[in-house]
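Here is the structure we will look at, set down as structure tokens.
The values are calculated or read from the model by the stated rules, or taken from the named source; none is laboratory data. Owing to the predicted nature of the structure, the values given are computational and were not obtained by experimental measurement. We place every Cβ from the backbone using ideal geometry, glycine too, and count neighbours over all the protein chains shown. Please note that ligands, DNA and RNA were not included when accessible areas were found on the heavy atoms of the full protein model with its side chains. Shrake-Rupley method; radii C 1.70, N 1.55, O 1.52, S 1.80 Å.
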Amino acid sequence: KFERELADFNLDTIVAIDDTTIAVGFELPISGSFNPGQFAPDIVEEIRLNLPSTQLRHVRFSRGTLEYRLISAIQGDLICEFALPGLSRNGAAELIRIETNPGTVASPFSQSGSIDLAGYELALTGPSNNDYNVVETILGIQVDPAASGPAIVLLNDVVQMELKFVEPGVEYADGYFGQHNYTLNESVELDASVNLPQGTLDLNGAVMNVY
């Protein structure tokens with residue numbers, strides 16, 4: 001019996017999610033003055049990853065970082081909860097909570113952070129659960145109950161969330177990975193690689209049955 005591994009294909013070479021920055025703009029559908037504790041309707045947006053030859057439905061990360069930055073020009077103290085329902089670890093979906101200070105168009109509020117992706121799973125099937133390469137995002141906004149005054153929201157004000165995948169490594173993936181061609185060209189010296197048994201056959205006491 002002879003066994004030998006001809007090739008070891010690293011999943012990263014088949015399923016590649018490049019370093020990329022995605023800006024998601026959440027346009028508020030309301031305007032006016034809002035008192036502390038008031039909520040705005042949740043805003044749902046879809047992000048379609050640019051993966052030309054790959055259609056991913058689910059991945060599990062072995063490494064990498066998700067960097068994020070929230071930018072707000074809204075004049076008020078807010079509590080922003082940015083949900084990624086498809087990004088989870090140990091069954092718990094990721095929720096990013098950021099408390100903002102008042103900002104303006106000329107001088108917006110900005111806050112950054114990062115998530116270690118090792119051990120995280122990402123569903124890319126979107127809100128319909130039958131798509132591919134789609135990340136669902138939900139932004140919930142509340143005027144901080146502890147704010148000293150109301151928040152002023154102008155028509156079409158935008159809260160922007162920037163996401164950046166940095167050196168993501170994939171441990172497991174489900175989907176269509178495109179077509180790949182590989183050439184294997186190996187030769188094996190059997191006399192050097194195989195440990196052939198040596199010895200003699202002792203016929204003393206051997207029995208032969210003839211039928």
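Here are a few things to note about the model shown:
- Taking the listed residues G178, G113, G91, the one that is small (G, A, S) and under 29 Å from S31 (Cα atoms) is G113, with no other qualifying.
- Test set (1) open to solvent by 20 Å² or more (accessible area, probe 1.4 Å); (2) touching a Ser or Thr at 6+ places or on another chain (Cβ under 9 Å); (3) among the polar types (S, T, N, Q) - S112 fails condition number: (2)
- Filter result (of a type in the set (S, T, Y) and either modelled with pLDDT of 95 or more or closer than 17 Å to V24 by Cβ (or both)) within segment 94-110: T100, S110
- Unique match (being at pLDDT 90 or above, assigned to a strand (DSSP E or B) and more than 33 Å from the chain's Cα centre (by Cα)) among I141, I115, I152: I152
- Every residue from segment 129-161 that is out of contact with any Asp or Glu (no Cβ under 7 Å at 6 or more places or on another chain) and open to solvent by 70 Å² or more (accessible area, probe 1.4 Å): N129, N130, Y132, P145, A146, S148, L154, L155
- For the residues Q160, Q142, Q179, the requirement of being of a type outside the set (F, W, Y) and touching a Phe, Trp or Tyr at 6+ places or on another chain (Cβ under 6 Å) singles out Q142.
- So S148, is it under 19 Å from V24 (Cβ atoms) and either of a type in the set (G, A, S) or in contact with a Ser or Thr (Cβ under 9 Å, 6 or more places away or on another chain) (or both): no
- Across segment 162-207, the qualifying residues are those that are farther than 30 Å from I22 by Cα and either in contact with an Asp or Glu (Cβ under 9 Å, 6 or more places away or on another chain) or surrounded by 10 or more Cβ atoms within 10 Å (Cβ to Cβ) (or both), and the one among them that is modelled with the highest pLDDT is V188.
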